[in-house]
Amino acid sequence: MSNPFFEPYNTLHDTVPFDRIRLEHFEEAFMEGMRREKEQIDKLVNNPERPTFDNTILFKDKDKEDGYYDLLSRVSTVFFNLMSADTNDELEQLAQKIQPLLTQHANDIRLNKKLFERIRYVHHHHRILSKEEQQLLQDEFNGFVRSGALLDDEGKEKLRQLTEEASILSLRFSQNLLKENKAFTLHITSETDMEGIPDIVRNEAAQAAKDEGKEGWLFTLDFPSYSAFMSYAKNRELRKQMYMAKNTECTHQNDENNMEICKRLVNIRREVAQLLGFNSYADYVLKRRMASNVRTVYRLLNDLIIAYKPFAIKEHKALEKMAKEIEGSRFQLQPYDYAYYSHKLKLKKYQFDAEMLRPYFELSRVIDGVFSLANRLYGITFRENKDIPVYHPDVKAYEVFDEDGSFLAVFYADFYPRKGKQGGAWMTEFQGQYINRKGINIRPHVSVVMNFSKPTDEKPSLLTLGEVETFLHEFGHSLHGMFANTRFESLSGTNVWWDFVELPSQFMENYAVEKDFLNTFARHYETGEPIPEELINRIIKSRNFQTGRNCLRQVSFALLDMAYYTKQEPFDEDIISFEQKAWEKAIITPQLPNTCMTVQFSHIMAGGYAAGYYSYKWAEVLDADAFSVFKRHGIFNRKTAQHFRDTILSKGGTEHPMILYKRFRGSEPTIKALLKRNGIYKR
């Protein structure tokens, strides 16, 4: 059987032919892809002509259609997306074999002295370049320098060893976490133990049990199941059991323990940074971020603590008071009680329960609502096409068309949890946007992956408000990808600095509590009745419920991240103790013994957020400030939306993000809009 990676896909819009790809195709394509890329690099470095932008930078960034760079990038893209969204034991085993080879291959390119000398020559001697060409050249040069091109041979060898070790450890971290997450289930057979749990949640748990061939109800650590159980289950011992299972993942004395992996990853990254001339890994990372330095990050986090901590303390006292009113004056509130009593307090204060909304958030209607929002803002339309191959039956594929009817993008949506899928939600690409040398605008294929409540035999998939926000968040990332309109793929779409990438996503979350948006799609899944005005008003009134506590939670994660990656000395402390000390300024309640965030903190251990978790709060400042423009001119204002698309969403990383933001906003952002939105700043 021929290998689909080696030939033109011959599919609609050149989409990935998932229906033709088999396990054995991956390794063959990886090996040949690396061989081809090495051959091209050898050709480049042995070119006797004087290095120029065209024969060096553009040659290295050759069109995908020539096949040399296409093979490795296309197989890598498919493979690693499946590793996150639909993995299995065979893919996991292959990843362990391939990952070190890929890292070695990347190092061979980045540490190639002849190649860097050509790029350095072009960096200092080049023709007049467009802004985008200048950015590509600067990024190429910086990328090599930051990957060790200026090191001596001994330094390069040391860097090679460190990066190859880090790639293996990051993979093991993720594999361990997935195994631990999927290994635990709470199987309930007693009706008494289900007290307090709403019918919708009960039905989902019953379906989960049925799928496993069991009677009763089954709860897992996947977010929809775990969150609902912690919010509604009256049985405190079972809540504690669930909480401890979730918060002790990868701490047990078994093969999935991540403690030593985390220590080593922190030390490797510190060593890499110091080898490259930086004091800490945070200093290395922030050199290419809007925040620019450690001091600025801590100033933001401290400002947030000062503004939000008094509110968080008040919120916690109110929660304790509510719990004692129900359980008695001697009751001691524990972390596994927070979600349960928060739900009761919210119900008391606002007569609002998240479950009241679920009947109005049937997934197909939410999809229509989100797509209609994009149409109203930007004029784009979505058309499901079942002829586009997908990697799992749960996945839906859409063609996206611009306002003038031209093809804009392919959009994949993968909504439900399953055995081989990581928890959480993310946006990714199977093809990035770029303009080839024939002037053809190659359009992107973007994908959003989520873990929403699955439909049951009795009911369709009904979302919580939080899940609607998640959809909007990831959809915001996808718009950033779909609207990409740059010449070079490495600068297109979401290829921007990490503390800027969350702006388009968090911006979209604002619509989740906007009355005019909810009225466009929120209908009862049985009666078709629109969501009541009174219920929308309760949503709006309750939007800042526990906003202090929620802010401090994010700040605490950012403090933990910075504590690890600002270290300048070898790290060999007890992780749990270190964690408790690192985030204590933002913590107003004690941490339970043996619980640990670090060992399951994928963002900073196996993702791209090491020394960058603050980005979520940084981008929240940007998104509140940006959305204030829409609030002033109208949340559906086409002119404002087009300006946002033209200045930010379509530009990718072609210019410094602050230049792009100021072009949209007219000024630098301030924290005031965020404080006002959260009810902290009243004027």
| task | Take Glu620 and decide whether it is touching a residue at least 24 places away in the same chain (Cβ under 8 Å) and either open to solvent by 10 Å² or more (accessible area, probe 1.4 Å) or over 18 Å from Val496 (Cβ atoms) (or both). | result | yes
| field | Residues being part of a helix (DSSP H, G or I) and open to solvent by less than 50 Å² (accessible area, probe 1.4 Å) - total across segment 285-301 | value | 7
| query | Taking Phe219, is it closer than 11 Å to Tyr340 by Cβ and touching a strand residue (DSSP E or B) at 6+ places or on another chain (Cβ under 6 Å)? | reply | no
| Can you name every residue in segment 618-655 that is farther than 22 Å from Asp516 by Cβ and either part of a helix (DSSP H, G or I) or modelled with pLDDT under 95 (or both)? | Trp618, Ala619, Glu620, Val621, Leu622, Asp646, Thr647, Ile648
| field | Count of residues meeting criterion [among the acidic types (Asp, Glu) and open to solvent by less than 30 Å² (accessible area, probe 1.4 Å)] in segment 247-263 | value | 1
| task | Identify the residue in segment 93-142 that is assigned to a helix (DSSP H, G or I) and among the basic types (Lys, Arg) and, among all such residues, is least open to solvent (accessible area, probe 1.4 Å). | result | Arg118
| query | Could you give every pair whose Cβ atoms fall below 6 Å, whose first residue belongs to segment 141-162 and is at pLDDT 95 or above and of a type in the set (Ser, Thr, Tyr), and whose second residue is part of a helix (DSSP H, G or I) and surrounded by 19 or more Cβ atoms within 10 Å (Cβ to Cβ), counting only separations of at least 6 or pairs across chains? | reply | Ser147/Arg110
| Inside segment 349-372, can you point out the residues that are crowded, with 16+ Cβ neighbours inside 10 Å, more than 18 Å from Ser542 (Cα to Cα) and charged (D, E, K, R)? | Glu362, Arg365
| field | Residue among Thr494, Thr527, Thr547 that is open to solvent by 10 Å² or more (accessible area, probe 1.4 Å) and in contact with a strand residue (DSSP E or B) (Cβ under 9 Å, 6 or more places away or on another chain) | value | Thr494
| query | Just to be sure, is Ser329 of a type in the set (Ser, Thr, Tyr) and buried (at least 21 other Cβ atoms within 10 Å of the Cβ)? | reply | no
| Of Lys240, Lys234, Lys214, which residue is of a type in the set (Lys, Arg), open to solvent by 10 Å² or more (accessible area, probe 1.4 Å), assigned to a helix (DSSP H, G or I) and under 29 Å from Met450 (Cα atoms)? | Lys240
| Out of (1) under 21 Å from Asp14 (Cα atoms); (2) open to solvent by 10 Å² or more (accessible area, probe 1.4 Å); (3) not β-branched (Val, Ile, Thr), the odd one out for Ser478 is which? | (2)
| task | Considering every residue within segment 533-543, establish whether at least one is surrounded by fewer than 21 Cβ atoms within 10 Å (Cβ to Cβ) and either more than 28 Å from Pro359 (Cα to Cα) or aromatic (Phe, Trp, Tyr) (or both). | result | no
| query | Do we find a residue being modelled with pLDDT under 95, farther than 19 Å from Pro444 by Cβ, touching a Ser or Thr at 6+ places or on another chain (Cβ under 6 Å) and acidic (Asp, Glu) anywhere in segment 484-501? | reply | yes
| request: Test each condition in (1) among the aromatic types (Phe, Trp, Tyr); (2) touching a residue at least 60 places away in the same chain (Cβ under 8 Å); (3) part of a loop (DSSP other than H, G, I, E, B) for Tyr9 and report the one that comes out false. | output: (2)
| note | Considering residues that are open to solvent by less than 30 Å² (accessible area, probe 1.4 Å), modelled with pLDDT of 95 or more and in a helix (DSSP H, G or I), the number found within segment 190-204 is 1
| Residues of segment 165-189 classified as open to solvent by less than 40 Å² (accessible area, probe 1.4 Å) and either outside any helix (DSSP H, G or I) or of a type in the set (Asp, Glu) (or both), total | 3
| note | With the first residue restricted to segment 339-359 and required to be farther than 15 Å from Glu327 by Cβ, and the second required to be open to solvent by 20 Å² or more (accessible area, probe 1.4 Å) and of a type in the set (Gly, Ala, Ser), Cβ contacts under 7 Å at 6 or more apart or on different chains are Ala339/Ser231
| task | Being under 34 Å from the mean Cα position of the chain (by Cα) and open to solvent by 30 Å² or more (accessible area, probe 1.4 Å) is the filter; apply it to segment 332-347 and report the residue that is nearest to Ile588 (Cα to Cα). | result | Gln334
| request: Say whether the condition of being over 29 Å from Lys631 (Cα atoms), in contact with a Gly (Cβ under 6 Å, 6 or more places away or on another chain) and touching a residue at least 40 places away in the same chain (Cβ under 8 Å) is met by at least one residue in segment 489-499. | output: yes
| said: For segment 24-58, which positions are buried (at least 16 other Cβ atoms within 10 Å of the Cβ) and part of a loop (DSSP other than H, G, I, E, B)? | reply: Pro51, Thr52
| message | Can you list residue pairs whose Cβ atoms sit under 8 Å apart, with the first residue in segment 588-604 being touching a residue at least 12 places away in the same chain (Cβ under 8 Å) and assigned to a loop (DSSP other than H, G, I, E, B) and the second being of a type outside the set (D, E, K, R) and open to solvent by 60 Å² or more (accessible area, probe 1.4 Å)? Count only pairs 6 or more apart in sequence or on different chains. | response | Ile588/Ile313; Gln591/Gln580
| Residues Ala282, Ala273, Ala312: which one is open to solvent by less than 20 Å² (accessible area, probe 1.4 Å) and without any contact (Cβ under 8 Å) to a residue 40 or more places away in the chain? | Ala273
| task | Answer yes or no: is there a residue in segment 557-567 that is modelled with pLDDT of 95 or more, open to solvent by 30 Å² or more (accessible area, probe 1.4 Å) and assigned to a loop (DSSP other than H, G, I, E, B). | result | yes
| Of all residues in segment 373-400, which are under 20 Å from Tyr9 (Cβ atoms), open to solvent by less than 20 Å² (accessible area, probe 1.4 Å) and of a type in the set (Phe, Trp, Tyr)? | Tyr398
| said: Whether any residue in segment 529-536 is over 25 Å from Lys631 (Cβ atoms), without any contact (Cβ under 8 Å) to a residue 24 or more places away in the chain, part of a loop (DSSP other than H, G, I, E, B) and not β-branched (Val, Ile, Thr) is what I want to check. | reply: yes
| task | Determine if segment 4-23 includes at least one residue that is open to solvent by 20 Å² or more (accessible area, probe 1.4 Å), farther than 26 Å from Ala409 by Cα and not hydrophobic (A, V, I, L, M, F, W, C). | result | no
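The values are calculated or read from the model by the stated rules, or taken from the named source; none is laboratory data. Predicted model only: the values in this text are computed from it and were never measured. Because the Cβ atoms are built from the backbone with ideal geometry, glycine has one as well, and the counts that use them run over all protein chains shown. Quick note on the areas: whole protein, heavy atoms, side chains included, nothing else; ligands and nucleic acids left out. Shrake-Rupley method; radii C 1.70, N 1.55, O 1.52, S 1.80 Å.
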